[in-house]
Amino acid sequence: MSATPPPWGRWIVPVSAPPRERGAILGDLEEGFRRRARDDGPASARFWYAGQVLRSLLPLLQASFEELSVRRVFAGVLAGLVLTSVAPAVVDRLVGPGSAAGLGLFAWYGILATATSVAGGYAGVRIARIRAAAPMAFLVSFLYAPLGYRIAADPGSMLPEVGWLAWMLCGAIGGGVLAGRRTLRTV
Amino acid sequence: MGHGRLTRFEFEVIAAILCAGEDAYGVRIADEITSRTGREVSIGSLYRTLKRLEDRGLLSCYMGEATAERGGRAKTYYRVEGPGREALRETTRQIRSLLDGLALETRSG
(Lines give C-alpha, C1' and ligand atoms only; values in the text may rest on other atoms or scores of the structure.)
Protein backbone atom coordinates (compact mmCIF):
# COMPACT_ATOMS: atom_id res chain seq x y z
CA MET A 1 0.00 0.00 0.00
CA SER A 2 1.53 3.30 -1.04
CA ALA A 3 1.07 6.46 1.04
CA THR A 4 -0.63 9.43 -0.54
CA PRO A 5 -0.52 13.11 0.45
CA PRO A 6 -3.62 14.68 2.02
CA PRO A 7 -6.04 15.41 -0.83
CA TRP A 8 -6.93 18.86 0.51
CA GLY A 9 -3.29 19.85 0.14
CA ARG A 10 -3.37 18.91 -3.52
CA TRP A 11 -6.36 21.21 -3.90
CA ILE A 12 -5.02 24.20 -1.96
CA VAL A 13 -1.73 24.54 -3.81
CA PRO A 14 -3.22 24.83 -7.32
CA VAL A 15 -5.74 27.32 -5.98
CA SER A 16 -3.17 29.57 -4.35
CA ALA A 17 -0.04 29.27 -6.51
CA PRO A 18 0.76 31.38 -9.56
CA PRO A 19 -0.08 29.39 -12.72
CA ARG A 20 3.46 28.90 -13.94
CA GLU A 21 4.77 27.55 -10.66
CA ARG A 22 1.93 25.16 -9.88
CA GLY A 23 3.35 22.06 -11.52
CA ALA A 24 6.83 22.47 -10.07
CA ILE A 25 5.51 23.15 -6.57
CA LEU A 26 3.18 20.15 -6.61
CA GLY A 27 6.03 18.03 -7.97
CA ASP A 28 8.39 19.20 -5.23
CA LEU A 29 5.82 18.51 -2.54
CA GLU A 30 5.14 15.08 -4.01
CA GLU A 31 8.84 14.28 -4.15
CA GLY A 32 9.39 15.45 -0.58
CA PHE A 33 6.37 13.49 0.57
CA ARG A 34 7.49 10.24 -1.03
CA ARG A 35 11.00 10.63 0.32
CA ARG A 36 9.72 11.16 3.86
CA ALA A 37 7.21 8.35 3.54
CA ARG A 38 10.04 6.05 2.55
CA ASP A 39 12.44 7.25 5.28
CA ASP A 40 10.16 8.14 8.20
CA GLY A 41 6.80 6.54 7.44
CA PRO A 42 3.48 7.73 6.01
CA ALA A 43 2.29 9.58 9.12
CA SER A 44 5.42 11.69 9.30
CA ALA A 45 5.22 12.36 5.56
CA ARG A 46 1.60 13.47 5.82
CA PHE A 47 2.47 15.76 8.73
CA TRP A 48 5.31 17.28 6.74
CA TYR A 49 3.11 17.72 3.67
CA ALA A 50 0.31 19.36 5.65
CA GLY A 51 2.79 21.70 7.33
CA GLN A 52 4.34 22.65 4.02
CA VAL A 53 0.98 23.38 2.43
CA LEU A 54 -0.21 25.51 5.34
CA ARG A 55 3.05 27.44 5.59
CA SER A 56 3.10 27.95 1.83
CA LEU A 57 -0.42 29.28 1.54
CA LEU A 58 0.31 32.93 2.37
CA PRO A 59 3.51 33.30 0.31
CA LEU A 60 1.87 31.62 -2.67
CA LEU A 61 -1.14 33.91 -2.45
CA GLN A 62 1.22 36.87 -2.18
CA ALA A 63 3.07 35.64 -5.28
CA SER A 64 -0.25 35.36 -7.10
CA PHE A 65 -1.22 38.88 -6.11
CA GLU A 66 2.14 40.19 -7.27
CA GLU A 67 1.22 39.05 -10.77
CA LEU A 68 -1.68 41.45 -11.02
CA SER A 69 -1.71 43.86 -13.92
CA VAL A 70 -3.80 47.01 -14.26
CA ARG A 71 -5.29 45.89 -17.56
CA ARG A 72 -6.45 42.56 -16.22
CA VAL A 73 -7.73 44.09 -13.01
CA PHE A 74 -9.81 46.46 -15.12
CA ALA A 75 -11.05 43.59 -17.31
CA GLY A 76 -11.96 41.57 -14.24
CA VAL A 77 -13.83 44.46 -12.63
CA LEU A 78 -15.71 45.10 -15.85
CA ALA A 79 -16.66 41.46 -16.29
CA GLY A 80 -17.80 41.26 -12.67
CA LEU A 81 -19.89 44.41 -12.95
CA VAL A 82 -21.52 43.34 -16.21
CA LEU A 83 -22.42 39.92 -14.91
CA THR A 84 -23.65 41.15 -11.56
CA SER A 85 -25.70 44.07 -12.83
CA VAL A 86 -26.73 43.43 -16.41
CA ALA A 87 -27.92 39.87 -15.83
CA PRO A 88 -30.33 40.83 -13.01
CA ALA A 89 -31.54 43.81 -15.02
CA VAL A 90 -32.41 41.56 -17.95
CA VAL A 91 -34.31 39.16 -15.71
CA ASP A 92 -36.02 42.10 -14.03
CA ARG A 93 -37.23 43.27 -17.42
CA LEU A 94 -38.48 39.79 -18.30
CA VAL A 95 -40.26 39.07 -15.03
CA GLY A 96 -41.30 42.59 -14.25
CA PRO A 97 -40.28 44.57 -11.18
CA GLY A 98 -42.23 43.67 -8.10
CA SER A 99 -43.82 40.72 -9.84
CA ALA A 100 -45.47 38.33 -7.45
CA ALA A 101 -44.39 35.35 -9.48
CA GLY A 102 -44.14 32.74 -6.77
CA LEU A 103 -40.77 32.87 -5.08
CA GLY A 104 -39.74 35.68 -7.35
CA LEU A 105 -38.26 38.00 -4.80
CA PHE A 106 -36.37 35.33 -2.99
CA ALA A 107 -35.17 33.82 -6.23
CA TRP A 108 -34.37 37.27 -7.44
CA TYR A 109 -32.34 38.59 -4.58
CA GLY A 110 -31.21 35.33 -3.07
CA ILE A 111 -30.55 32.53 -5.45
CA LEU A 112 -30.09 34.65 -8.53
CA ALA A 113 -27.87 37.10 -6.72
CA THR A 114 -25.79 34.24 -5.45
CA ALA A 115 -25.61 32.66 -8.89
CA THR A 116 -24.59 35.89 -10.58
CA SER A 117 -22.07 36.54 -7.85
CA VAL A 118 -20.49 33.17 -8.44
CA ALA A 119 -20.64 33.72 -12.18
CA GLY A 120 -19.04 37.14 -11.79
CA GLY A 121 -16.29 35.71 -9.66
CA TYR A 122 -15.82 32.92 -12.08
CA ALA A 123 -15.49 35.32 -14.98
CA GLY A 124 -12.75 37.01 -13.01
CA VAL A 125 -11.08 33.66 -12.54
CA ARG A 126 -11.28 32.85 -16.22
CA ILE A 127 -9.89 36.21 -17.20
CA ALA A 128 -7.25 36.28 -14.51
CA ARG A 129 -6.32 32.62 -14.68
CA ILE A 130 -5.74 32.97 -10.95
CA ARG A 131 -7.71 30.27 -9.24
CA ALA A 132 -7.43 32.02 -5.90
CA ALA A 133 -10.39 34.09 -7.07
CA ALA A 134 -12.67 31.06 -6.93
CA PRO A 135 -12.94 30.74 -3.15
CA MET A 136 -13.24 34.53 -2.98
CA ALA A 137 -16.21 34.44 -5.35
CA PHE A 138 -17.89 31.75 -3.34
CA LEU A 139 -17.20 33.63 -0.13
CA VAL A 140 -18.77 36.77 -1.55
CA SER A 141 -21.81 34.85 -2.71
CA PHE A 142 -22.28 33.16 0.66
CA LEU A 143 -21.92 36.48 2.44
CA TYR A 144 -24.58 37.94 0.21
CA ALA A 145 -27.05 35.06 0.37
CA PRO A 146 -28.43 35.84 3.87
CA LEU A 147 -28.64 39.47 2.93
CA GLY A 148 -30.65 38.47 -0.13
CA TYR A 149 -33.02 36.53 2.08
CA ARG A 150 -33.62 39.57 4.26
CA ILE A 151 -34.24 41.69 1.22
CA ALA A 152 -36.80 39.15 0.06
CA ALA A 153 -38.52 39.29 3.44
CA ASP A 154 -38.69 43.09 3.43
CA PRO A 155 -38.27 44.42 -0.09
CA GLY A 156 -39.26 47.92 0.88
CA SER A 157 -36.40 48.44 3.26
CA MET A 158 -33.16 50.20 2.52
CA LEU A 159 -31.39 46.88 2.43
CA PRO A 160 -31.65 46.42 -1.31
CA GLU A 161 -29.60 49.51 -2.00
CA VAL A 162 -27.10 48.90 0.76
CA GLY A 163 -26.89 45.19 0.10
CA TRP A 164 -26.69 45.56 -3.62
CA LEU A 165 -24.00 48.21 -3.40
CA ALA A 166 -22.02 46.23 -0.87
CA TRP A 167 -22.31 43.14 -2.95
CA MET A 168 -21.32 44.91 -6.15
CA LEU A 169 -18.35 46.39 -4.40
CA CYS A 170 -17.37 43.02 -2.99
CA GLY A 171 -17.79 41.42 -6.39
CA ALA A 172 -15.86 44.14 -8.14
CA ILE A 173 -13.05 44.14 -5.61
CA GLY A 174 -12.98 40.40 -4.99
CA GLY A 175 -13.27 39.36 -8.59
CA GLY A 176 -11.47 42.29 -10.12
CA VAL A 177 -8.43 42.74 -7.94
CA LEU A 178 -7.73 39.05 -8.29
CA ALA A 179 -8.10 39.30 -12.02
CA GLY A 180 -4.52 39.96 -12.84
CA ARG A 181 -1.86 38.11 -14.66
CA ARG A 182 1.24 40.18 -14.80
CA THR A 183 2.85 42.00 -11.97
CA LEU A 184 1.86 45.15 -10.16
CA ARG A 185 5.19 45.28 -8.52
CA THR A 186 5.42 46.14 -4.87
CA VAL A 187 9.20 45.96 -4.72
CA MET B 1 25.00 47.53 -8.25
CA GLY B 2 21.64 48.46 -9.69
CA HIS B 3 19.99 45.19 -8.75
CA GLY B 4 19.18 46.21 -5.23
CA ARG B 5 20.02 44.63 -1.96
CA LEU B 6 19.34 41.02 -1.19
CA THR B 7 17.29 40.05 1.81
CA ARG B 8 18.68 37.32 3.99
CA PHE B 9 16.47 34.70 2.39
CA GLU B 10 17.29 35.88 -1.12
CA PHE B 11 20.96 35.68 -0.21
CA GLU B 12 20.49 32.11 1.05
CA VAL B 13 18.55 31.08 -2.03
CA ILE B 14 21.18 32.36 -4.46
CA ALA B 15 23.96 30.76 -2.45
CA ALA B 16 22.05 27.46 -2.32
CA ILE B 17 21.52 27.48 -6.09
CA LEU B 18 25.24 27.97 -6.61
CA CYS B 19 25.96 25.12 -4.19
CA ALA B 20 23.50 22.82 -5.94
CA GLY B 21 25.10 23.51 -9.32
CA GLU B 22 23.33 21.90 -12.26
CA ASP B 23 20.83 20.18 -9.99
CA ALA B 24 19.26 23.35 -8.58
CA TYR B 25 15.52 22.74 -8.48
CA GLY B 26 13.01 23.35 -5.66
CA VAL B 27 13.59 20.38 -3.37
CA ARG B 28 17.34 20.46 -3.81
CA ILE B 29 17.55 24.19 -3.11
CA ALA B 30 15.40 23.78 0.01
CA ASP B 31 17.61 20.90 1.17
CA GLU B 32 20.76 22.99 0.67
CA ILE B 33 19.35 25.83 2.74
CA THR B 34 18.19 23.48 5.49
CA SER B 35 21.48 21.62 5.69
CA ARG B 36 23.52 24.83 5.78
CA THR B 37 21.37 26.98 8.03
CA GLY B 38 19.40 24.42 10.06
CA ARG B 39 16.15 26.10 9.08
CA GLU B 40 13.40 24.27 7.26
CA VAL B 41 12.11 26.21 4.29
CA SER B 42 8.52 26.31 3.10
CA ILE B 43 8.16 25.54 -0.58
CA GLY B 44 5.80 28.49 -0.98
CA SER B 45 8.29 30.99 0.40
CA LEU B 46 11.02 29.48 -1.72
CA TYR B 47 9.06 29.77 -4.96
CA ARG B 48 7.91 33.27 -4.19
CA THR B 49 11.51 34.31 -3.68
CA LEU B 50 12.73 32.42 -6.76
CA LYS B 51 10.11 34.18 -8.84
CA ARG B 52 11.02 37.57 -7.47
CA LEU B 53 14.72 37.01 -8.12
CA GLU B 54 13.95 35.80 -11.62
CA ASP B 55 11.84 38.88 -12.29
CA ARG B 56 14.77 41.03 -11.20
CA GLY B 57 17.04 39.25 -13.67
CA LEU B 58 19.20 37.63 -11.01
CA LEU B 59 18.11 34.09 -11.90
CA SER B 60 16.91 32.23 -14.94
CA CYS B 61 15.03 28.97 -15.10
CA TYR B 62 14.30 26.14 -17.48
CA MET B 63 12.04 23.13 -17.41
CA GLY B 64 13.52 19.76 -16.67
CA GLU B 65 12.29 16.22 -16.83
CA ALA B 66 9.14 14.82 -15.28
CA THR B 67 9.64 11.84 -13.03
CA ALA B 68 7.31 9.27 -11.50
CA GLU B 69 8.56 10.24 -8.04
CA ARG B 70 7.14 13.70 -8.64
CA GLY B 71 3.77 12.43 -9.77
CA GLY B 72 4.73 12.98 -13.40
CA ARG B 73 5.44 16.68 -12.88
CA ALA B 74 8.47 18.40 -14.36
CA LYS B 75 11.24 20.02 -12.37
CA THR B 76 12.06 23.68 -12.82
CA TYR B 77 15.81 24.23 -12.67
CA TYR B 78 17.31 27.56 -11.67
CA ARG B 79 20.59 29.17 -12.66
CA VAL B 80 22.27 32.23 -11.16
CA GLU B 81 22.93 34.88 -13.80
CA GLY B 82 25.67 37.49 -13.80
CA PRO B 83 23.65 40.14 -11.94
CA GLY B 84 22.77 37.51 -9.35
CA ARG B 85 26.42 36.71 -8.73
CA GLU B 86 27.15 40.40 -8.55
CA ALA B 87 24.34 40.94 -6.03
CA LEU B 88 25.64 38.03 -3.96
CA ARG B 89 29.16 39.47 -4.02
CA GLU B 90 27.90 42.90 -3.08
CA THR B 91 25.80 41.60 -0.20
CA THR B 92 28.68 39.47 1.03
CA ARG B 93 30.92 42.51 0.95
CA GLN B 94 28.38 44.49 2.94
CA ILE B 95 28.05 41.75 5.54
CA ARG B 96 31.84 41.46 5.88
CA SER B 97 32.10 45.20 6.23
CA LEU B 98 29.45 45.16 8.92
CA LEU B 99 31.15 42.33 10.78
CA ASP B 100 34.52 44.06 10.54
CA GLY B 101 32.98 47.05 12.22
CA LEU B 102 31.53 44.90 14.95
CA ALA B 103 34.89 43.19 15.53
CA LEU B 104 36.60 46.57 15.99
CA GLU B 105 33.93 47.63 18.47
CA THR B 106 34.39 44.41 20.43
CA ARG B 107 38.17 44.84 20.64
CA SER B 108 38.04 48.45 21.73
CA GLY B 109 35.24 47.69 24.22
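Some notes on this structure:
- Identification of helices (runs of 4 or more DSSP H) wholly contained in region B:1-104 with 3 or more residues that are touching a strand residue (DSSP E or B) at 6+ places or on another chain (Cβ under 8 Å) yields B:8-20, B:43-55.
- When residues in region B:35-72 are screened for being farther than 24 Å from B:R5 by Cβ and either surrounded by 14 or more Cβ atoms within 10 Å (Cβ to Cβ) or within 9 Å of chain A (Cβ to nearest Cβ) (or both), 10 of them pass.
- Residue, farthest from the chain's Cα centre (by Cα), within region B:36-72, restricted to residues that are of a type in the set (A, V, I, L, M) and over 16 Å from A:G23 (Cβ atoms): B:V41
- Residue match in region B:11-26 (condition: within 9 Å of chain A (Cβ to nearest Cβ), without any contact (Cβ under 8 Å) to a residue 12 or more places away in the chain and surrounded by 13 or more Cβ atoms within 10 Å (Cβ to Cβ)): no
- Filter pass, B:T76 being within 14 Å of chain A (Cβ to nearest Cβ), touching a Cys at 6+ places or on another chain (Cβ under 9 Å) and surrounded by 13 or more Cβ atoms within 10 Å (Cβ to Cβ): yes
- Restricting attention to region A:5-19, the residues being surrounded by fewer than 16 Cβ atoms within 10 Å (Cβ to Cβ) and over 12 Å from A:L60 (Cβ atoms) number 4.
- Flag for A:R20 being over 19 Å from B:G64 (Cβ atoms) and either more than 7 Å from chain B (Cβ to nearest Cβ) or modelled with pLDDT of 95 or more (or both): no
The values are calculated or read from the model by the stated rules, or taken from the named source; none is laboratory data. Being a predicted model, the structure only gives us computed values, none of them experimental. As a convention, Cβ positions derive from the backbone with ideal geometry for all residues, glycine included, and neighbour counts pool all protein chains shown.
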